[in-house]
Amino acid sequence: MKFDVLTLFPEMFDSMKYSIIGKALEKKLVDINIVNIRNFSKDKHKKVDDTPYGGGAGMIIRPDVVYDAYLSVKDEQAKVIYLSPKGKTLTQAKVKELSKENHIILLCGHYEGIDQRVLDEIVNEEISIGDYVLTGGELPAMVLIDSVSRYIEGVISKESTEEESFSNGLLEYPQYTRPETFLNKNIPEILLSGHHKNIKKWREEESLKITKKNRPDLLK
Ligand code: 4GM
């Protein structure tokens with residue numbers, strides 16, 4: 001899977017060289033190409049934004065600069081995603097669907113916004129990672145890359161995506177490891193029984209309990 005990221009803050013993506021995504025990059029299972037939108041400014045001061053037509057606060061990123069950045073990575077087969085609080089909410093089902101793509105181009109905007117004409121021209125999907133506003137689309141782009149990459153063969157084990165929250169529409173059951181007693185608390189006795197059918201039943205009940213408590217909306 002290839003990701004191109006169009007951003008004004010390329011250094012923010014340095015953090016993706018760590019942990020599981022870092023390993024996936026080393027193994028060439030995913031490729032992340034960061035494109036600095038500012039490199040496409042024709043202005044001698046490398047300016048990329050200007051004041052909004054019609055007035056109002058803040059600055060708007062110019063469409064020509066974003067378009068030239070896009071042309072540098074353009075591919076008719078690629079899906080172009082704009083990360084914005086106005087987008088459709090990212091869900092695990094959507095993440096799974098996106099993992100089937102070969103090439104995704106992510107456009108990171110700012111609170112100041114991007115001229116609508118270039119968005120109308122190049123964006124296939126507007127996606128939000130949740131109902132809150134951030135200073136930029138970079139963290140949402142990293143959230144999308146991380147969540148999608150987990151479904152790419154070889155990044156994590158198949159079993160890891162099979163028994164996790166949302167995989168069966170419910171939140172995950174609690175997990176325990178050694179020591180058997182911690183701060184005077186024992187682990188649930190059933191987990192020591194070796195009775196796999198009863199353990200499975202207990203885990204399903206615990207899943208339902210935590211989902212009812214924290215996310216009753218998932219049960220509707
Ligand atoms: C406004 C318009 C995405 C703000 C476009 C981006 C939250 C999300 C921004 C933008 C963002 C989200 C930048 N904040 N909920 N801020 O996915 O790119």
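The values are calculated or read from the model by the stated rules, or taken from the named source; none is laboratory data. Worth saying up front: this structure is predicted, and the values here are computed from it rather than measured. Backbone-built Cβ (ideal geometry, glycine too); neighbour counts: all protein chains shown.
Data for the structure
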{"quantity": "Which listed residue is assigned to a loop (DSSP other than H, G, I, E, B) and touching a residue at least 12 places away in the same chain (Cβ under 8 Å), from Val95, Val133, Val118", "calculated": "Val133"}
{"quantity": "So Ile210, is it of a type outside the set (Ser, Thr, Tyr), touching a Phe, Trp or Tyr at 6+ places or on another chain (Cβ under 8 Å), under 30 Å from Val80 (Cα atoms) and modelled with pLDDT of 95 or more", "calculated": "no"}
{"quantity": "Residues being in contact with a Ser or Thr (Cβ under 9 Å, 6 or more places away or on another chain), more than 17 Å from Pro63 (Cα to Cα) and within 12 Å of the ligand (Cβ to nearest atom) - total across segment 94-135", "calculated": "5"}
{"quantity": "Subset of segment 48-90 [away from the ligand (no atom under 12 Å from the Cβ) and within 12 Å of Leu144 (Cβ to Cβ)]", "calculated": "Lys79"}
{"quantity": "Residue check for Lys47: part of a loop (DSSP other than H, G, I, E, B), within 20 Å of Ile32 (Cβ to Cβ) and modelled with pLDDT of 95 or more", "calculated": "no"}
{"quantity": "Pairs with Cβ under 7 Å, 6+ apart, first in segment 3-29 and part of a helix (DSSP H, G or I), second surrounded by fewer than 12 Cβ atoms within 10 Å (Cβ to Cβ) and among the β-branched types (Val, Ile, Thr)", "calculated": "none"}
{"quantity": "Residue match in segment 146-166 (condition: part of a helix (DSSP H, G or I), in contact with a Lys or Arg (Cβ under 7 Å, 6 or more places away or on another chain) and over 20 Å from Asn33 (Cβ atoms))", "calculated": "yes"}
{"quantity": "Candidate set: segment 136-164, residues that are away from the ligand (no atom under 16 Å from the Cβ) and touching a residue at least 40 places away in the same chain (Cβ under 8 Å); chosen: the one surrounded by the fewest Cβ atoms within 10 Å (Cβ to Cβ)", "calculated": "Glu153"}
{"quantity": "Matching residues in segment 102-133 - criterion: being hydrophobic (A, V, I, L, M, F, W, C) and surrounded by fewer than 15 Cβ atoms within 10 Å (Cβ to Cβ)", "calculated": "Val133"}
{"quantity": "Residue within segment 81-101 that is closer than 18 Å to Val155 by Cβ, among the charged types (D, E, K, R) and either in contact with a strand residue (DSSP E or B) (Cβ under 6 Å, 6 or more places away or on another chain) or surrounded by fewer than 12 Cβ atoms within 10 Å (Cβ to Cβ) (or both) present", "calculated": "yes"}
